[in-house]
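Here the structure is laid out as structure tokens; the discussion comes afterwards.
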Protein chains: 2
Amino acid sequence: MNLKELAQKLGLSPTTVSRALNGYPEVNETTRERVLAAAKRHNYRPNTRAIRLATGRAMAIGHVIPVAAKHEMVNPVFADFIAGAGETYARFGHDMVLSVVPDDDDARIYRDLHARGTVDGFIVHAPHLNDPRIALLTEIGLPFVVHGRATGATLPYSWLDVNNRRSFQRATEFLLDLGHRRIALVNGLEFMDFAVRRRTGYLDALAARGVTADPGLMHAGEMTELGGHRAACAMLDAADPPTAFLVSSIISGFGVRRAIEERGLRPGRDVSIIIHDDDLSYMKNGDDVPIYTATRSSVREAGRLAAEMLMAIIANPASAPLQRLLEADLIIGQTTGPAPHGTPRNRN
Amino acid sequence: MNLKELAQKLGLSPTTVSRALNGYPEVNETTRERVLAAAKRHNYRPNTRAIRLATGRAMAIGHVIPVAAKHEMVNPVFADFIAGAGETYARFGHDMVLSVVPDDDDARIYRDLHARGTVDGFIVHAPHLNDPRIALLTEIGLPFVVHGRATGATLPYSWLDVNNRRSFQRATEFLLDLGHRRIALVNGLEFMDFAVRRRTGYLDALAARGVTADPGLMHAGEMTELGGHRAACAMLDAADPPTAFLVSSIISGFGVRRAIEERGLRPGRDVSIIIHDDDLSYMKNGDDVPIYTATRSSVREAGRLAAEMLMAIIANPASAPLQRLLEADLIIGQTTGPAPHGTPRNRN
DNA sequence: AATCAAGTTCAAACCGCTTTGGACGGCTCA
DNA sequence: TGAGCCGTCCAAAGCGGTTTGAACTTGATT
């Protein structure tokens with residue numbers, strides 16, 4: 001059932017039917033109702049392909065998912081971010097088009113998606129320091145919103161980010177307040193923007209209390225269980241091990257915990273852990289009471305909001321870039337406690 | 001730059017240019033080269049919207065991602081499956097359209113996506129027992145491939161699945177061979193098809209050795225860290241606790257491990273664990289030597305293959321349903337060992 | 001020299017919508 | 001009474017490709 005057929009059945013022109021369905025004012029209310037009723041009765045759905053060609057709008061948003069070419073790793077927060085963004089798109093009648101691309105070859109895809117008219121805008125995932133995509137997309141000219149920020153970008157752009165610096169600063173202060181002085185940072189890869197900001201927050205907090213940072217207690221790497229485990233093992237087995245860990249993800253947090261427990265130590269008593277918790281739906285940090293003490297910020301909510309920002313920009317492309325900074329909560333769980341005195345290794 | 005402009009620049013008709021670009025035989029090879037060169041030089045990309053309208057094909061595949069309405073949970077394997085499928089689509093020039101939908105409202109989305117002509121086919125995720133989507137999609141008439149199977153479906157349909165029954169049977173046999181008799185099953189929700197098949201495999205293996213299954217050692221629930229932890233705690237604290245766990249996911253496996261370690265027991269020595277490992281990129285089960293003994297099957301590869309099957313069906317819609325059963329590997333890690341004799345709780 | 005086929009190119013229709021630019025009738029107002 | 005306006009509707013022209021059917025060259029065949 002297409003527009004022409006529907007119009008024929010109603011004895012109206014396609015023009016009028018189209019206008020009736022799209023809420024234009026120049027159509028009699030009684031005929032509009034007649035049209036609406038007939039459309040529903042015949043289960044009429046306008047053909048997206050035709051709408052897109054006629055209007056020149058794709059009614060779709062592109063998400064170019066970078067897959068680390070080296071390890072083929074997909075960012076684990078991606079599924080929940082998508083779920084959030086999807087909710088917004090559904091409300092606005094947009095589709096979500098996903099391209100999964102090795103992260104060294106994404107420029108081609110952005111260009112292509114634009115030139116072929118497949119999408120009206122982009123969400124940019126996982127920005128790096130000096131991320132070249134900002135300049136690229138500005139040149140391309142389609143609206144885009146970055147999930148995160150790209151330190152070093154000179155052009156203005158729209159973004160939604162968590163205050164990573166502040167949240168890791170607060171977490172570090174919290175550990176310092178508990179008496180910890182040997183605080184380890186198990187971070188993500190530090191060409192990622194968020195990871196740099198977290199380290200800055202951590203260092204700022206240490207400096208403010210006059211605690212000198214120990215390079216041996218700072219690790220940057222992939223946020224996997226294995227990565228967390230390996231980093232924690234090395235630190236725990238070294239001389240003067242940390243009494244607390246600040247970990248950039250719940251997944252590497254599991255690795256850190258495993259390392260701690262393998263050594264007969266107990267999280268929260270012998271060694272404290274604070275993780276950053278993206279509130280992933282399949283990786284909840286406890287229900288009523290959190291497992292880990294954590295800085296928490298829902299990545300799903302971020303997806304919802306970033307998509308809303310993009311919808312706003314598309315509706316009003318001339319407006320100035322939108323920017324939004326979310327604060328993470330610091331939630332207390334069962335993995336932090338006062339720094340042990342004496343040699344923690346003997347308290348087991 | 002569109003087709004008409006390009007044709008004008010070349011002094012040719014749009015017809016000829018279109019045919020030259022699309023490889024039709026009735027065009028002179030020298031003009032074809034001229035066209036190809038001009039297209040490249042002017043960076044011509046045909047407008048997808050126009051192609052779609054003209055050809056009547058969407059050149060896109062729909063993935064309707066069910067989000068558990070109750071807990072808003074997104075299946076954690078989804079990201080890697082998508083990454084695999086995306087590779088295939090890229091090769092075939094198709095887009096991937098994602099809809100994230102509460103799992104009680106997906107019928108409407110499938111119908112809509114079809115009626116509006118947004119996609120040419122579907123991948124069906126996470127099939128249940130007697131999944132109504134099989135009948136729905138058969139009625140709709142678009143090609144589809146199910147990732148998994150739906151026990152109870154009467155209509156023929158295309159699917160790609162892992163031999164879940166067999167792999168859990170083998171894993172159970174392996175534990176029995178190690179002397180374990182109290183083997184716990186920490187399964188996924190058992191309205192999910194894969195979960196039922198895994199339980200069947202487990203029960204078959206026990207029965208074949210004359211071991212009676214203990215309902216107290218069988219748990220079905222969401223495959224989260226918390227879920228695994230809670231299930232394992234209950235079993236370990238009960239009288240006559242299990243000496244081995246068979247766990248449906250690496251994530252719940254982390255919870256099981258946590259429960260074990262909290263009790264001062266050591267995985268692989270005091271209690272054995274076998275997980276099912278989907279080989280998720282952000283959740284690797286070790287690199288050189290696996291952490292967990294596991295039944296392993298790459299969900300990313302499954303995504304690649306399922307998408308290939310769908311491409312084949314779309315190319316040849318009249319063909320009989322395609323079906324493919326993958327075998328999982330049983331890989332030995334560090335979490336299995338001979339059943340302890342005596343009371344394992346005292347061996348700590 | 002006329003016929004035919006193959007090779008090459010093009011004009012125009014079409015896909016299913018939106019949107020522009022009237023058309024038409026009835027009403028108000030001068 | 002005629003001009004102007006408003007409310008309502010429609011024909012037709014896009015949108016940017018693909019595809020049908022025909023035309024025009026050439027060269028070979030008869």
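Each value in this text was obtained by applying a stated rule to the coordinates, not by laboratory testing. Please read these numbers as outputs of a predicted model, since none were measured by experiment. Reconstructed Cβ throughout: ideal geometry from the backbone, glycine too, with neighbour counts over all protein chains shown.
Some values worked out for this structure:
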{"read-out": "Amide H contacts under 5 Å for B:Leu330, placed H, 5+ residues apart", "value": "B:Arg296"}
{"read-out": "Of all DSSP beta bridges in region B:1-112, antiparallel share, percent nearest 5", "value": "0 percent"}
{"read-out": "Fewest-first sequence of A:Ile273, B:Ile260 by Cβ atoms within 10 Å of each Cβ", "value": "B:Ile260, A:Ile273"}
{"read-out": "Nearest 10 degrees, 0 to 90: helix B:250-262 Cα axis against chain B principal axis", "value": "20 degrees"}
{"read-out": "Karplus-derived HN-Hα couplings along region B:86-91 (A = 6.51, B = -1.76, C = 1.60, θ = phi - 60°), whole Hz, x at Gly and Pro", "value": "x, 4, 5, 4, 4, 5"}
{"read-out": "Long-range amide H partners of A:Asp95 with built H, under 5 Å", "value": "A:Ala60, A:Ile61"}
{"read-out": "Relative exposure of A:Glu261, A:Glu139, judged by other C-beta atoms within 10 Å (fewest first)", "value": "A:Glu139, A:Glu261"}
{"read-out": "Contact order relative to length of chain A, as percent, for alpha carbon pairs under 8 angstrom and 6 or more apart", "value": "17 percent"}
{"read-out": "Karplus (6.51, -1.76, 1.60) ³J(HN,Hα), θ = phi - 60°, over region B:33-46, in Hz, Gly and Pro reported as x", "value": "5, 4, 5, 4, 5, 5, 4, 5, 4, 8, 6, 6, 10, x"}
{"read-out": "Dipole moment magnitude, nearest 20 debye, chain A about Cα centre, only Lys, Arg, Asp, Glu C-beta charged", "value": "740 debye"}
{"read-out": "Relative contact order for region A:34-178, counting Cα pairs under 8 Å that sit 6 or more residues apart, in percent", "value": "21 percent"}
{"read-out": "Other-chain or far-sequence residues with amide H under 5 Å of B:Ile65's (modelled H)", "value": "B:Ser99, B:Val100, B:Val101"}
{"read-out": "DSSP bridge orientation in the protein assembly as shown - percent antiparallel, rounded to nearest 5", "value": "15 percent"}
{"read-out": "Exam field: B:Glu262 pseudo-label spacings to other copies (7 Å along Cα-Cβ), nanometres", "value": "2.1"}
{"read-out": "Distances in nm from A:Lys9 to the matching label points in the other copies, shortest first (labels 7 Å along Cα to Cβ)", "value": "4.6"}
{"read-out": "Distance from region B:164-195 to region A:187-213 (C-alpha centre basis), Å", "value": "45 Å"}
{"read-out": "Whole-angstrom gap from region A:14-90 to region B:28-106, using each part's C-alpha centre", "value": "16 Å"}
{"read-out": "Estimated [θ] at 222 nm from DSSP helical runs (n ≥ 4, -39500 (n - 2.57)) normalised by residues in chain A, nearest 500", "value": "-13000 deg cm²/dmol"}
{"read-out": "Residues B:Val186, B:Val299, sorted so that the one with the fewest Cβ neighbours within 10 Å comes first", "value": "B:Val299, B:Val186"}
{"read-out": "Under 28 Å from B:Lys70, Cα to Cα: lysines that are on another chain or at least 8 residues apart", "value": "A:Lys284"}
{"read-out": "3J(HN,Hα) from dihedral phi, region A:329-340, Karplus parametrisation 6.51/-1.76/1.60, rounded to Hz, x for glycine, proline", "value": "7, 9, 10, 8, x, 9, 10, 10, x, x, 5, x"}
{"read-out": "Trypsin sites (Lys or Arg not before Pro) lying in DSSP loop within region A:256-348, provided at most 13 other Cβ fall within 10 Å", "value": "A:Arg347"}
{"read-out": "Calculated label separations, B:Ala213, copies of the chain, 7 Å along the beta-carbon direction, nm", "value": "5.5"}
{"read-out": "DSSP bridge orientation in chain B - percent antiparallel, rounded to nearest 5", "value": "10 percent"}
